[in-house]
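Below is one structure; the comments refer to it alone.
The values are calculated or read from the model by the stated rules, or taken from the named source; none is laboratory data. Every value quoted in this text rests on a predicted model; they were computed, and no experiment measured them. Counting neighbours? That spans all protein chains shown, and the Cβs are built from the backbone with ideal geometry, glycine included.
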Amino acid sequence: MWKDVLNNSDKKKKYINYVNDWEQKIHSFLEFDPERTSAESLSGGGRFSGVPYAVKDNIAVKDYRLTCGSKILENFVSPYDADVIGKLHSSGAVPVAKCNMDEFGMGSSTDNSALAVTNNPWDTGRVSGGSSGGAAAAVAAGLVPFSLGSDTGGSVRQPASFCGVYGLKPTYGAVSRYGLVAYASSLDVIGVLSRDLNLLGDVFDMIKGQDEKDQTTVKLDPDLPSDLQIDDGKPVFGYLGGDLGLDKSVEAGYRNCIDMLIKQGYSVKEISIPALDYVIPAYYTIATAEASANLARFNGVRYGYRSKGAETPLDLMKKTRHEGFGDEVKLRILLGTYVLRSGFQDRYYIKAQKIRTKIINDLASLFKTIELLILPAFPTPAFRHGEAELTQYQQKVADKFTATANLAGIPALSFPAGVYGGLPVGLQLFAPHSREKLLLKGAAIIGREIPVPEVPGYRSIEDICGGQGR
Amino acid sequence: MQKEELFVTASLARLELDEKEAEKLNEAVTGMIEYFSLMDKIDVDDLPPTTHAAAKVNRTRKDLPSDISLADKMVENAPEKEGRFITVPNVL
Amino acid sequence: MDKQDKTDKKDKTVFETFIGLEIHIQLITQTKIFCGCRNSFGDPPNTNVCPVCMGYPGVLPVLNEEAVRKSYLMCLALNCTLSEKAVFDRKNYFYPDLPKNYQISQFEHPFGINGYVETTLPDGQAKRIRIHEAHLEEDAGKMIHEGAVSLCDFNRTGTPLLEIVTEPDFKSGEEVESFLQDFRRMIRYLGVSDGNMEEGSMRCDANISINYPGKGLGRKVEIKNLNSSRHVKLAIQHEEIRQAKMIRSGETIIQETRLWNEEKKRTESMRSKEDANDYRYFPEPDLPPFIPTASFIDEIRENLVELPHLRRKRFITEYNLPSETAEFLTDEKGRADFYESVCKEGTDPQTAASWVKGDVAKVLNREKMDITSSPLTAERLVSLLKILDEGKINGQTAKKVLDMIITENRDPVSIITEHSLEQLDNSDELSSIIDSVLAQSSAALEQIKSGDMKPVGFLIGQVMKLSGGKADPKKTKEMIMEKISAL
């Protein structure tokens, strides 16, 4: 049904109206322009011909702005397409919107965007999560069948769980990062958000693969033996035990999911990740260190915002960055610069990279006894705008469940696990390196019992286009 | 962290900070750095640092020119220019 | 300026000088190190640029295999130990001509370390210079300072640059100057770089310190902005004197970077750029490490040609050439290759050497041509020298033909045939030319008959003139003498 939306003017009109209605409430998009699509791109007979999708605004789409939610790139238009956009283009899918996000991917609420405030479709007083908050809100509201986000420490999975949709963070290197504006290069990966697990899997299949423009991309092993066994045998689940400091509703959703699996006859083992407490300091050390270098290119010389009236190049750079970056970005640049300074490197940066090795080893030995690991995505459901419920510091510490997968480079998927007190709760699955298929099958098993929730006001595309309007 | 350290760090990062901002950031940076020292508690001395997350094999590309040119567009994108040169205030 | 200048009248202390070099060479590749932009010099500003080398948001570096190969070739030539795993690092510093504001370089694990290279000092002595390391990095752009603005051109950004760092093994500016000439010859031989210091494809910074003899290294000063090997020498000499004066007057030498002022012929302190640099090196996450396998290295080794100083030695012994001639012939690889191909075809090495060094060089110079790309192939020269050797043409004609080969791009045989340049030897034609010359030269004949042989030369000249240069001078003389004595 999504296939016809953009090439039928009546349907397109209804679709645009639906989007605009929602957007007045949630502001998930920084740009929305389904009209830009050329006729020729709609006439191609790809598998996703004419299917609209939305893209986080740190992924380059030619001739669209590429703001990264920052003032420093507010008017920057990308001259090129990210590799994933090219791959989707050949399937016929059409990018129609750029999604709001925390500036340069730094945040867990999308409130750190310099350009717009995005609200959670379930409760507009609450955040949609971050940093891919716009991408998650748009999918939850049914504005697009899927969206592309990026996940450095949980930026696809956390907003997906806040909005009640699926969010996939693939294996590091499974998807080309060419065209993804780097936050932390050794952790960043482009992910997919959708309400439809099958569609999410299909999109992942299309965007994955080794890319000559990204020399960190890897070839995924196709169909490993245990993937094939899934239909016959039942996968062994593990879950993270102990006091995880979860909010009541998340705790309830977590328990419910585990109980359900046990009831269904799955083998479920309680496990622990010994170095879990060190994930966040290690993660933030590595991420900010890399970010301090990645964001150095924004200096007002070649493109983007330039401060007026500077008298020396040094002045120009300092003022441009002072005026162009928001507080959270400045904080992380300072942190990253600090941990790399000579004299401090060993204590912070090198130590963090060793802890990362420990995490990789911990998970590798875990996956000798289980096949899939269930754990929370975030300790709380969507919180209110501002820092009243969770300070920026608390938000960072709360990334530990998601950031673990980024440090280890393994695939992870957050899935909806019910609605509690009017807000969706999301959990995650981890799988071993390059076992996305197993991950999707695990989510499918759970999805049979715990379906994707519908946010009030959500309408399927069939309903939108088929009905007489609202 | 001493405020002086913050300014040294900011200078390395080419970030101008006004007083008010420096106050706030110093508190935030100090808090995080303190939190980072939690890492002192774990013994991972025997482990090698993981600096490269994925590719374990050599990756190179052929030495062949690409023919797509975005040069004009990129010159256009410059905030200030003179002819095809991109300009900044004089360094000297 | 020599050691005399390092002492003044009161204080006769001669200091010991230590000089180490950091040499950057731009590698010859079709494209830049991390993108498909052309690696070429002299194009309009900002034409060879793309999102990658302009540091656009979202782009990634993709390593050029040719830059890697040329780097390893150089490491082998420098007898370096190769890192088991070479790693690229980010060197963080802000400058308008450095798009990403970090330079991708190699810090902890460069391609090669602990090498050495042989050089010949000005006095003919051989000296071994130790190589600290060789690492690959990207070049920055260029800035032209003009009035209130600086103009940025990013064409050069991303040119593959191999940095070779020597140990402080040089003792004087002269040593460095002659080393740089040897070094340039070597990199051109290997085909890794054209080593043009004026165009900046080879750049050299010098670290210099002086100290009382036997006291080891002093506090080092780095000198930059050295655009020719002569300026490197001058700057070092100037700096030696400056530092000696300072030590004598009890001043402390400041460890700093100084710029060579070419006009004023002196080094000047660089205004300290910001605070002290802290490059915050860390491994480049966008590029996997490079692990040189044995088979890869073997493949590279096949391109390791005989280096100039070894070839020069061999030329002296194998072809029995004077050292000066051997030096000339081996100065450029193309010339040495040409010479050896000519010899291989059976040409006498001495004859080949005198032609290559003499007339061939003269004509090529005049035509501003390079031996490798000129119409004079080794085959053509061999064929020309063979015709000369067989006496079919004389030396003068051979020179004329050589000129025509080069200017007209033709084979010697076809030139000789078309212009009927073959020598007239014992033919009737020569005999009749001589007869007619003798008939018109009665005065000369009288002189000769009376025992004065001087006019013989004149007669030969007349015959050459009438024959259009084709007469064999030896044969002509013989016949003239025969005919005179028969008169």
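Just a few scattered comments:
- Residues located in the range A:153-165, provided they are within 8 Å of the chain's Cα centre (by Cα) and part of a loop (DSSP other than H, G, I, E, B): A:Gly154, A:Ser155, A:Val156
- Qualifying residue in the range A:46-56 (condition: within 23 Å of A:Glu290 (Cα to Cα), at pLDDT 95 or above and either within 21 Å of the chain's Cα centre (by Cα) or aliphatic (A, V, I, L, M) (or both)): yes
- Taking the numbered list (1) touching a Lys or Arg at 6+ places or on another chain (Cβ under 8 Å); (2) under 24 Å from A:Gly426 (Cα atoms) in turn, A:Tyr305 passes all entries but (2).
- Residues being away from every other protein chain (no Cβ under 14 Å) and under 16 Å from A:Gly133 (Cα atoms) - total across the range A:380-412: 8
- Residue that is nearest to the other protein chains (Cβ to nearest Cβ) [pool: residues in the range B:1-21 that are surrounded by fewer than 15 Cβ atoms within 10 Å (Cβ to Cβ) and of a type outside the set (Lys, Arg)]: B:Asp18
- The single condition among (1) buried (at least 23 other Cβ atoms within 10 Å of the Cβ); (2) at pLDDT below 95 that A:Ser91 does not satisfy is (1).
- For A:Glu31, the requirement of being of a type in the set (Asp, Glu), in a strand (DSSP E or B) and within 30 Å of A:Thr391 (Cα to Cα) is met.
- Residue count for the range C:443-474 under the criterion of being among the basic types (Lys, Arg) and within 45 Å of the chain's Cα centre (by Cα): the result is 3.
- Spans of helices (runs of 4 or more DSSP H) in the range C:251-352 with at least 3 residues polar (S, T, N, Q) and under 29 Å from C:Leu388 (Cα atoms): C:323-330
- Residues in the range C:430-487 that are part of a loop (DSSP other than H, G, I, E, B), of a type outside the set (Asp, Glu), surrounded by fewer than 16 Cβ atoms within 10 Å (Cβ to Cβ) and without any contact (Cβ under 8 Å) to a residue 24 or more places away in the chain: C:Gln440, C:Ser450, C:Gly451, C:Met453, C:Lys454, C:Gly468.
- Filter result for A:Asp111 (among the charged types (D, E, K, R), in a loop (DSSP other than H, G, I, E, B) and over 27 Å from C:Gly55 (Cα atoms)): yes
- Here the condition is being without any contact (Cβ under 8 Å) to a residue 12 or more places away in the chain, farther than 30 Å from C:Ile208 by Cβ, touching a His at 6+ places or on another chain (Cβ under 8 Å) and assigned by TED's automatic domain parsing to the domain that holds C:Asp89; of C:Pro283, C:Pro288, it holds for C:Pro288 alone.
- Any hit, the range C:8-25, residues being within 9 Å of another protein chain (Cβ to nearest Cβ) and either under 28 Å from C:Arg128 (Cβ atoms) or assigned to a loop (DSSP other than H, G, I, E, B) (or both): no
- The range C:283-307, residues that are crowded, with 22+ Cβ neighbours inside 10 Å and more than 8 Å from chain B (Cβ to nearest Cβ): C:Glu284, C:Asp286
- All conditions but one from (1) modelled with pLDDT of 95 or more; (2) surrounded by 13 or more Cβ atoms within 10 Å (Cβ to Cβ); (3) over 29 Å from A:Pro79 (Cβ atoms) apply to B:Asp40; the one that does not is (2).
- Filtered residue count, the range A:192-209, keeping only those that are surrounded by fewer than 17 Cβ atoms within 10 Å (Cβ to Cβ) and touching a helix residue (DSSP H, G or I) at 6+ places or on another chain (Cβ under 8 Å): 1
- Figure legend. Inter-residue proximity from the range B:27-53: first residues at the interface with another protein chain (Cβ under 7 Å from one of its Cβ atoms), second residues buried (at least 16 other Cβ atoms within 10 Å of the Cβ) and among the basic types (Lys, Arg), beta-carbon distance below 6 Å, spacing 6+ or different chains. Indicated pairs: B:Met39/A:Lys351; B:Val44/A:Lys354; B:Val44/A:Lys358; B:Leu47/A:Lys354; B:Leu47/A:Lys358; B:Pro49/A:Lys354; B:Thr50/A:Arg356.
- Test: C:Glu198 is assigned to a loop (DSSP other than H, G, I, E, B) and in contact (Cβ under 8 Å) with a residue 12 or more places away in the chain: yes
- Residue match in the range C:40-54 (condition: within 10 Å of another protein chain (Cβ to nearest Cβ) and not in a loop (DSSP other than H, G, I, E, B)): no
- The listed residue being loosely packed, with under 15 Cβ neighbours inside 10 Å, β-branched (Val, Ile, Thr) and either at the interface with chain C (Cβ under 8 Å from one of its Cβ atoms) or in contact (Cβ under 8 Å) with a residue 60 or more places away in the chain (or both), out of B:Val75, B:Val57: B:Val57
- Among the residues of the range C:81-101, the one identified as surrounded by 22 or more Cβ atoms within 10 Å (Cβ to Cβ), more than 7 Å from chain A (Cβ to nearest Cβ), touching a Pro at 6+ places or on another chain (Cβ under 9 Å) and in a loop (DSSP other than H, G, I, E, B) is C:Phe88.
- Any hit, the range A:202-210, residues being under 24 Å from C:Gly58 (Cα atoms), among the acidic types (Asp, Glu) and touching a residue at least 60 places away in the same chain (Cβ under 8 Å): no
- Listed by first and then second residue, the pairs with beta-carbon distance under 6 Å, at least 6 apart or on different chains, first residue in the range C:15-32 and touching a residue at least 40 places away in the same chain (Cβ under 8 Å) and surrounded by fewer than 24 Cβ atoms within 10 Å (Cβ to Cβ), second charged (D, E, K, R) and part of a strand (DSSP E or B), are C:Glu22/C:Asp205; C:His24/C:Glu163; C:His24/C:Arg203.
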